[in-house]
1. Residues of region 67-126 being among the β-branched types (Val, Ile, Thr), out of contact with any strand residue (DSSP E or B) (no Cβ under 7 Å at 6 or more places or on another chain) and buried (at least 17 other Cβ atoms within 10 Å of the Cβ), which ones?
2. Give me the residue from region 23-34 that is assigned to a loop (DSSP other than H, G, I, E, B) and surrounded by 10 or more Cβ atoms within 10 Å (Cβ to Cβ) and, out of that set, modelled with the highest pLDDT.
3. Please find, within region 94-128, the residue that is modelled with the lowest pLDDT out of those that are of a type in the set (Gly, Ala, Ser) and assigned to a loop (DSSP other than H, G, I, E, B).
4. List every residue pair whose Cβ atoms lie under 7 Å apart, where the two residues are 6 or more positions apart in sequence or sit on different chains, the first residue falls within region 107-124 and is without any contact (Cβ under 8 Å) to a residue 60 or more places away in the chain, and the second residue, located anywhere, is of a type in the set (Lys, Arg).
5. Being at pLDDT 90 or above and either surrounded by 12 or more Cβ atoms within 10 Å (Cβ to Cβ) or under 18 Å from the mean Cα position of the chain (by Cα) (or both) is the filter here, so list the residues in region 6-22 that pass it.
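The values are calculated or read from the model by the stated rules, or taken from the named source; none is laboratory data. Given the structure is predicted, the values throughout are model-derived calculations rather than measurements. Counting neighbours? That spans all protein chains shown, and the Cβs are built from the backbone with ideal geometry, glycine included.
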Amino acid sequence: MFDPLQMRAYLRLIFAPQKPTPEFKRNVPFALASRPVSMRSDSVDFTATALALQAMQARYTDYPAPVHLVVSLKDKILKPKKHGLRLGEVLPDVRVTTVPGQGHMGHHFSPELVRAAVDEVRARAGAPAEQALAA
């Protein structure tokens with residue numbers, strides 16, 4: 001039940017303000033993702049995640065591990081102020097990198113920021129440095 005128009009609209013939303021990358025378009029199995037069973041499963045996952053996150057909020061201040069949030073300020077899926085920036089105010093050992101001009105899929109456009117955040121968390125956690133991640 002693949003609807004190309006609906007998928008294009010969805011991609012515009014999750015990538016906004018950028019456009020989907022050619023690599024993403026080439027590598028994502030859109031026909032599988034738009035099957036009714038896949039869409040129902042995603043809906044169940046989204047609902048369960050929202051409920052679980054609500055239950056976890058009270059324990060955020062006790063989270064024992066270092067965290068580095070990379071917050072895309074133009075994200076239309078996870079609202080930056082409501083989600084990333086607010087979480088950055090309550091976690092005890094957190095660093096926040098904000099990325100102006102990028103949306104939800106910012107990791108496709110600035111993978112070096114994500115790699116740097118992972119390396120920074122590993123260093124704070126005392127983990128040994130990894131070899132460079134394969135691109």
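1. Hits for region 67-126: nothing passes.
2. Step one: list which residues in region 23-34 are assigned to a loop (DSSP other than H, G, I, E, B), which gives 28-29, 34.
Subsequent filtering for residues that are surrounded by 10 or more Cβ atoms within 10 Å (Cβ to Cβ) retains 28, 34.
Values: VAL28: 86, SER34: 79.
Out of the qualifying residues, it is VAL28.
3. Among them, the one singled out is ALA127.
4. GLU120/ARG95
5. Scanning region 6-22 gives ARG12, LEU13, ILE14, PHE15, ALA16, PRO17, GLN18, LYS19, PRO20, THR21.
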